[in-house]
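Worksheet: the structure to be examined is printed underneath.
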Amino acid sequence: MSQFADRLDLAAGSYETADTQLASGLHFTTDLVRGGRPKLSGGADFSTGDIAAVDHANRDLLNRMEQQYNQLPDGQVRTDRLADIGAIRDALTVPDSHLLYLSRPETPSEMIPAATAIGDPFNADHVSVTVPGVTGATRHSIAGMTREAAELRQQARLIATKIQESEAISTIVWAGYQPPPGLGAPDTIVDNLAHKGAPKLESFLNDLAGAAQRPDQTIALFGHSYGSVLAGIALKDGASAVVDNAVMYGSPGFEATSPAKVGMTDDHFFVMTAPDDQIRSIGALAPLHGWGSDPNEVIAGSPDRYRFNHLETGDGWVSLAGEEFHKTASRGHSGYSRYALEQMTGFNLATILVDRPDLAVREVPGG
C-alpha cells in the first residue's frame with residue numbers, strides 16, 4: 001500500500017503543481033513561496049477577491065482529489081479520505097455556501113483540510129471564522145458546522161436589520177487542522193496539535209483579511225473546545241493584528257492570563273462556558289499544564305469578576321432596538337453553536353460577529 005500511495009502522492013503532486021493553472025488565471029498556492037516560506041493557507045489564491053472563482057477552483061480540486069483517492073486500496077485511509085470529501089460535499093448543499101479553502105494533504109493518511117463560507121467573505125462587512133475542537137476532523141464536523149454557520153449568519157443579519165447595520169455578513173467554518181479525536185484522547189491534554197495548527201490558522205486569517213474588498217471589514221474569531229487552544233496561540237503569534245473580536249467557548253484554556261497576552265483587549269475578547277459543560281474541570285487545570293489561566297477563574301472583589309469577560313449561556317431575555325426576545329439556554333459541551341436563532345449563545349455570537357459587543361448579554365459571577 002505504501003508504494004502505491006507514494007506513487008499516487010508523487011503523481012498528484014506533479015499534477016497539481018504543473019497542471020492546475022486555470023483559464024481564469026487562478027492557481028493553487030500550496031507550493032508557492034511568500035517571504036521565503038511556503039504559503040500555508042493552500043487552496044485557491046484569495047488575492048482575486050472573487051468568491052465564485054475561488055469556489056470553482058476548489059471544487060475542481062475536490063473532484064480531482066476524489067478521483068485520486070478512489071484509486072487507493074480498500075482500507076481505513078481510503079474510507080477516511082472519501083468520508084472527508086463526502087462531508088465537504090454535504091456542507092456545500094447548504095444554501096449560499098462556498099468552498100473557500102481546500103488543501104491536498106501531504107500524504108493520503110492525513111485529513112483533508114477545508115473551509116466553507118456562507119455568503120461572500122471578500123465582500124462582507126463582517127466575517128466570522130469558527131475553529132472546531134475535539135472530534136472536529138473534516139469528516140465529522142464540516143457539514144454540521146456549515147449548517148450552524150448558516151443559522152448564525154441568519155441571526156446576525158436579523159440583528160443587523162434591527163439596528164440598521166450592514167447585512168453584508170459571512171460566516172466561515174475552518175476545519176484546517178487535525179484535532180484530537182475525543183475529550184479522553186491523549187492528544188487532548190497536550191497542545192502539540194494546537195501548535196501545529198496555529199500557523200495555518202494565522203496564515204488563513206491574514207490571507208482572508210488581505211483579500212477583503214471592504215476597507216472596514218471586521219473579523220471575529222470563534223474557538224470551540226480544543227479549537228480555542230489553537231485560536232489563542234494563533235492570536236498570540238500575530239493573528240490578533242487582523243482579528244477584531246474573539247469568543248472562546250467550551251474552552252480548556254488558551255495559553256493566556258489576560259486578553260492582552262493574546263493581543264486583544266478586555267472589551268473584544270470573551271469566554272462562554274455552560275454550567276453543565278464538563279470542560280470546566282479541565283479548564284481549572286489550565287495553569288498546571290501551561291495553558292494560561294482557568295478561563296472561568298473568578299477574581300474576588302467588590303464585586304467579584306471573571307478574569308476574562310464572560311457572555312451568558314443561560315436562558316433569558318435580550319433587548320434589541322426597543323424589543324424584547326426570549327432566548328433558550330445552551331447545554332453541555334457541544335451546544336454553544338446550535339440553534340443560533342433560538343439560543344442565548346447564538347445571539348451573543350451574532351452580536352460579536354456584527355462588531356457590537358455592547359449588545360451581548362454579559363454573565364457575572366453568581367448571576
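Worth pointing out:
- Test: residue in the stretch 190-205 that is free of Cβ contacts under 8 Å to residues at least 60 places away in the same chain, polar (S, T, N, Q), under 19 Å from Thr135 (Cα atoms) and in a helix (DSSP H, G or I): yes
- Residues of the stretch 215-259 classified as closer than 17 Å to Met145 by Cα and assigned to a loop (DSSP other than H, G, I, E, B), total: 2
- Residue that is modelled with pLDDT under 95, within 18 Å of Phe222 (Cβ to Cβ), within 17 Å of the chain's Cα centre (by Cα) and crowded, with 22+ Cβ neighbours inside 10 Å, where the choices are Ala156, Ala194, Ala175: Ala194
- Every residue from the stretch 319-328 that is farther than 22 Å from His126 by Cα, of a type outside the set (Phe, Trp, Tyr) and surrounded by fewer than 17 Cβ atoms within 10 Å (Cβ to Cβ): Gly322, Glu323, Glu324, His326, Thr328
- Filter result (charged (D, E, K, R) and touching a Gly at 6+ places or on another chain (Cβ under 6 Å)) within the stretch 288-319: Asp294
- Number of the condition not met by Asp120 [criteria: (1) closer than 23 Å to Tyr249 by Cβ; (2) of a type outside the set (A, V, I, L, M, F, W, C); (3) within 17 Å of the chain's Cα centre (by Cα); (4) surrounded by fewer than 24 Cβ atoms within 10 Å (Cβ to Cβ)]: (1)
- In the set (1) under 18 Å from the mean Cα position of the chain (by Cα); (2) surrounded by fewer than 17 Cβ atoms within 10 Å (Cβ to Cβ); (3) not basic (Lys, Arg), the condition left unmet by Leu221 is number (2).
- Filtering the stretch 39-56 to residues that are more than 21 Å from Ala137 (Cβ to Cβ), modelled with pLDDT under 95 and aliphatic (A, V, I, L, M) leaves only Ala44.
- Of the residues making up the stretch 76-114, those that are within 19 Å of Ala143 (Cβ to Cβ), in a helix (DSSP H, G or I) and in contact (Cβ under 8 Å) with a residue 12 or more places away in the chain number 12.
- Screening Pro73 on (1) over 16 Å from Ile142 (Cα atoms); (2) buried (at least 17 other Cβ atoms within 10 Å of the Cβ) shows it passes everything except condition (2).
A quick yes/no check of all residues on (1) surrounded by fewer than 18 Cβ atoms within 10 Å (Cβ to Cβ); (2) outside any loop (DSSP other than H, G, I, E, B):
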| position | (1), (2) |
| --- | --- |
| Thr313 | no, no |
| Trp317 | yes, yes |
| His333 | no, no |
| Gly346 | no, yes |
| Asp358 | yes, yes |
| Gly367 | yes, no |
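The values are calculated or read from the model by the stated rules, or taken from the named source; none is laboratory data. Treat the numbers as computed from the prediction; the structure is a model and nothing was measured. No Cβ is skipped: glycine too gets one built from the backbone with ideal geometry, and neighbour counts run over all protein chains shown.
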